[in-house]
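The values are calculated or read from the model by the stated rules, or taken from the named source; none is laboratory data. Only a predicted model underlies this, so the values are computations on that prediction, with no experimental measurement involved. As a convention, Cβ positions derive from the backbone with ideal geometry for all residues, glycine included, and neighbour counts pool all protein chains shown.
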Amino acid sequence: MNLLYLRLCGALLVTAAGGLGGHAIYAARKRRVSLLRELAAGLGRLADELELTAAPLDEIFERLRERPFFDQLSKDFDGATLARSWRRAAMAQPLDAGSKTALAGLAETVGRCGAGRQVKELELVRRRLDEAASALERDLAIQGRTLTGLGAALGALLTLILL
Amino acid sequence: MPDGWSAALRLLPEGLRTAARGLPGYVQEEVEELRLRRSRPPTVLCGAGERPLRPDGVTVDELCEVLDRATGCSYHAVTEELRRGFLSAPGGVRVGVCGDGLDAQSVSSLCIRVPRQLPEALNGLPESFGAGGVLILSPPGGGKTTLLRELVRRESDRGRRVSLVDERGELAAVCHGEPQFDVGRCTDVLSLVPKAEAVTRLLRAMSPEILALDELSDPADLEAVRRAAGCGVTLYATVHAAGLDALRRMERFQALLNDGTFVHAVCIERGPPRRCRVETI
């Protein structure tokens with residue numbers, strides 16, 4: 001009897017672990033959506049600041065420090081190597097390759113041309129990140145339950161094999 | 001006071017800075033300008049002319065980095081200056097910019113002028129010019145700005161109220177309200193304001209005994225200067241000209257030379273050695 005209980009408990013745990021694994025994948029993708037939205041909003045704020053104040057970038061980054069990406073840039077800012085810092089910060093983001101490249105590409109523009117052109121380029125990348133976030137969200141709406149269910153099913157299958 | 005050469009070096013990317021530091025000491029002491037032209041070897045301009053800094057051409061990335069350093073990575077904050085073709089970088093360094101002016105990537109060449117405070121520039125000049133206006137003449141790169149700065153400092157330290165118009169931020173190189181060059185204890189500086197407007201503002205607000213300004217050329221500036229002289233102010237100014245005869249041949253300067261605004265002309269003759277010749281207008 002005890003052995004049966006143990007087996008049942010084991011089966012439940014393996015199934016639950018499968019479900020949790022599936023949910024973890026779902027949660028990671030959800031975090032990526034949040035990150036994309038956060039970066040897009042940050043780029044929007046940067047564009048607004050450039051358009052409205054045209055202040056030097058060290059001042060603007062200081063105002064945007066509540067956003068992690070700009071906080072890092074603000075810390076690294078030395079008035080000489082922003083392009084390098086921007087590229088490094090962009091490539092360190094846990095994003096898909098396309099979004100990373102688009103974000104890193106701004107290194108050649110930010111601080112290196114008139115405010116008008118910077119705003120235009122920032123707006124393009126902001127829209128691209130927003131679109132990537134929306135696409136990921138759509139996928140998640142479909143995949144969310146599927147991933148959790150699939151994880152649980154795999155767990156159940158494993159249980160059957162082990163039993 | 002700033003070391004102009006060090007301030008200029010701080011604008012250079014690592015590779016170029018190393019090459020510049022490798023120049024013989026006597027050359028480093030007399031460098032007037034660093035010239036960076038895209039895909040061409042960088043050069044330094046000294047008394048003997050331009051000499052290459054290294055055989056390799058200047059890359060776009062290097063030009064961009066110089067601009068990043070000169071603008072504090074904020075090209076958009078200095079577009080007005082760029083439209084006029086130059087930037088005032090920290091330490092009183094002036095960077096001349098050529099290209100289509102729309103972005104850093106399209107810059108074709110840069111001219112980094114090394115600022116120098118040279119009290120010895122006054123050697124050979126009279127101890128005092130009295131009440132008459134002084135016009136300093138030389139071709140570009142002759143040292144007019146340096147000489148004007150030293151004249152201003154001398155008169156100011158003698159207790160005369162001097163108002164200095166520093167349209168390009170090169171004479172006093174004011175940074176956070178503090179002149180980077182010694183322009184004397186009784187000098188008031190108005191920076192980055194067009195000359196004609198600055199003259200009017202200074203006359204109204206600062207009641208100067210001496211009004212000093214660099215590179216007269218626009219008719220509006222000449223008119224403002226005549227107006228100031230009419231108010232009893234002594235003018236110290238510089239102008240691009242090979243000499244007094246060449247200046248007399250320029251029509252727009254006729255009135256200024258004939259109405260007594262300027263009494264003395266200091267003509268700088270490029271050396272080596274550089275010499276100043278004082279003439280009466």
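At-a-glance table
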item	result
Scan of segment B:26-76 for residues that are out of contact with any helix residue (DSSP H, G or I) (no Cβ under 9 Å at 6 or more places or on another chain), closer than 20 Å to residue B:93 by Cβ and not charged (D, E, K, R), ordered by number	B:27, B:43, B:45
Residue in segment B:129-147 that is within 29 Å of residue B:178 (Cα to Cα), outside any helix (DSSP H, G or I) and within 14 Å of chain A (Cβ to nearest Cβ) present	no
Yes/no for residue B:150 being surrounded by 20 or more Cβ atoms within 10 Å (Cβ to Cβ), in the same structural domain as residue B:262 (by TED's automatic domain parsing) and in contact with a Lys or Arg (Cβ under 9 Å, 6 or more places away or on another chain)	no
Which numbered condition residue B:193 misses (of (1) part of a loop (DSSP other than H, G, I, E, B); (2) closer than 20 Å to residue B:280 by Cα)	(2)
Where a residue in segment B:23-35 is in contact (Cβ under 8 Å) with a residue 24 or more places away in the chain and its partner, wherever it lies, is surrounded by fewer than 16 Cβ atoms within 10 Å (Cβ to Cβ), with Cβ under 6 Å and at least six apart	none
Flag if residue B:227 is more than 25 Å from residue B:155 (Cβ to Cβ), surrounded by fewer than 16 Cβ atoms within 10 Å (Cβ to Cβ) and of a type in the set (Lys, Arg)	no
Which numbered condition residue B:109 fails, given (1) out of contact with any Lys or Arg (no Cβ under 8 Å at 6 or more places or on another chain); (2) surrounded by 15 or more Cβ atoms within 10 Å (Cβ to Cβ); (3) away from chain A (no Cβ under 14 Å)	(1)
One residue from B:17, B:51, B:40 being more than 11 Å from chain A (Cβ to nearest Cβ) and assigned to a loop (DSSP other than H, G, I, E, B)	B:40
Wholly enclosed helices (runs of 4 or more DSSP H) of segment A:18-119 bearing at least 3 residues more than 14 Å from every other protein chain (Cβ to nearest Cβ)	A:68-76, A:82-91, A:97-105
Selection count, segment B:68-78, where residues are touching a residue at least 40 places away in the same chain (Cβ under 8 Å) and facing chain A (nearest Cβ under 7 Å)	1
Residue in segment A:80-95 that is touching a residue at least 24 places away in the same chain (Cβ under 8 Å), over 30 Å from residue B:100 (Cβ atoms), surrounded by 14 or more Cβ atoms within 10 Å (Cβ to Cβ) and not hydroxyl-bearing (Ser, Thr, Tyr) present	yes
Qualifying residue in segment B:112-120 (condition: closer than 22 Å to residue B:23 by Cβ, within 14 Å of chain A (Cβ to nearest Cβ) and surrounded by 15 or more Cβ atoms within 10 Å (Cβ to Cβ))	no
Residue check for residue A:156: touching a Gly at 6+ places or on another chain (Cβ under 8 Å), of a type in the set (Gly, Ala, Ser) and at pLDDT 90 or above	no
Residue that is nearest to the other protein chains (Cβ to nearest Cβ) [pool: residues in segment B:79-106 that are among the hydroxyl-bearing types (Ser, Thr, Tyr) and within 25 Å of residue A:107 (Cβ to Cβ)]	B:79
Lone unmet requirement of (1) assigned to a helix (DSSP H, G or I); (2) out of contact with any Pro (no Cβ under 7 Å at 6 or more places or on another chain) for residue B:202	(2)
Any hit, segment A:48-61, residues being in contact (Cβ under 8 Å) with a residue 60 or more places away in the chain, closer than 30 Å to residue B:75 by Cα and charged (D, E, K, R)	yes
Selection within segment B:79-114 - outside any loop (DSSP other than H, G, I, E, B), out of contact with any Cys (no Cβ under 6 Å at 6 or more places or on another chain) and free of Cβ contacts under 8 Å to residues at least 40 places away in the same chain	B:79, B:80, B:82, B:83, B:87, B:97, B:98, B:99, B:106
Qualifying positions in segment B:179-190 - part of a strand (DSSP E or B) and either without any contact (Cβ under 8 Å) to a residue 24 or more places away in the chain or of a type outside the set (Ser, Thr, Tyr) (or both)	B:179, B:188, B:189, B:190
